[in-house]
Amino acid sequence: MDKGTGKKIIIPDYIKTALLALESRGFKAYLVGGCVRDFLLGKQPSDFDITTDALPRQTKSCFAEYEVLTNGIKHGTVAPIIEHKAVEITTFRTDGGYSDNRHPDKVEFTARLKDDLSRRDFTVNAIAYSEQEGIIDLFGGTEDIKKKTIRCVGEADRRFGEDALRILRALRFAAALSFEIEKETGNSIKKNIALLKNVSAERTYGEFIKLLQGDNASEILLSFPCLCQTLFGISLNGRQRAALKKAKTAEERLAIVFIYSSAELLKCLKPDNKTYNRLSDNIKNYRLRLTEKSLGVKEQELFIFENGLDYESAETMLRLKELMGTALDINRFKACLEYSKANAHPIKISELDITGNDLKQIGIKGKKIKLTQELLLKSVIEGKVKNEKKELLKLL
Ligand code: ATP
Ligand code: MG
């Protein structure tokens, strides 16, 4: 039990096994980092990191009867597989100099927990815990968790200078945990934002996406406009800022940031194809002009079909127009869309009650098949014919 908060820390058995294997051989072993932070926040952690004074080869020998992964051994991490799960155990370490603003030049092992905790990024991530000693908090992390604050361990300028990934991590944690960024840390982020150029595209993208998914993401993007400016050269205007305040999902936030630009700009972060394609479609669809003419169930269904949308992308389009405040009569549009969807009105060729094969069988060939399907779907949408094979065939 942690005396400070009265919260019970529930440690799964496979982690207890790992801690015991080290402790029973006279080594110190603590849970550390995200798992302790999450416990104190009342959340069940997703992964558990152990820190120990055992040197990597000593750690390895504590788990002689287990398979042990050693790919991280140079940095002090070995990972025995216990109950089919890899348990990461890292020797207390300090990081040597950082000449590239990203990677330590060398890693040194230390016998002192304090040294290990002081190399960690934020106070809330620098808390250790063991059953015997309880919470070990040397940098005020527990207090910062209570105050919902992200604060660097030590001097912010130096810590961001050592490893610029921490800039993104600070913003990401603040977005995901709905924490404030402490003043000195925040000012230092703004001052050092250009260092992000030293972080790989993959790591930057990973953190940026996690940031966008956070409940507090919009506030962070708005409080740190330097982020989108530095990553993409994008400055958010008033409309985008207002839209971000109302946005609810990562997809909406991403689209709003890029709404006046091109999805191409995201390519510098090597995005996954699915995210990139959706962003690109969302921007393109947002720019489609909805006019009074498309104000009606049939008209809107035709609009959806003719622009190659489906119900989901049409909804996103309306949502973005609503957020940006750029549609004429958004509630009418939305009501029509709801009606079409609820009644499962066909808007795609695949939803016609007649297939390409059916058309082939009656002698229609090549390009004419698709053209015929398009004409038939239009007739169905316009209410000229029922979406029934028998009826559709009569038109041919
Ligand atoms: P998450 O919930 O994303 O897993 P986490 O805090 O566990 O959050 P990890 O990336 O798993 O983050 O890192 C584990 C711990 O290692 C952190 O809590 C922090 O103490 C330390 N750490 C990770 N990355 C850095 C870094 N770039 N600089 C300093 N310390 C770091
Ligand atoms: Mg973690």
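Annotations
- Of the residues making up the stretch 69-86, those that are outside any strand (DSSP E or B) and surrounded by fewer than 20 Cβ atoms within 10 Å (Cβ to Cβ) are Thr70, Asn71, Gly72, Ile73, Lys74, His75, Glu83, His84.
- Residue check for Asp47: in a loop (DSSP other than H, G, I, E, B), away from ligand 1 (no atom under 14 Å from the Cβ) and acidic (Asp, Glu): no
- Within the span defined as the stretch 137-148, every residue fails to be aromatic (Phe, Trp, Tyr), within 12 Å of ligand 1 (Cβ to nearest atom) and closer than 19 Å to Cys226 by Cα.
Readers should treat all values here as calculations from the given coordinates under stated rules, not as data from a laboratory. Small disclaimer: the values here were computed from a predicted structure and weren't measured. Don't worry about glycine lacking a Cβ; one is built from the backbone with ideal geometry, like all the others, and counts go over all protein chains shown.
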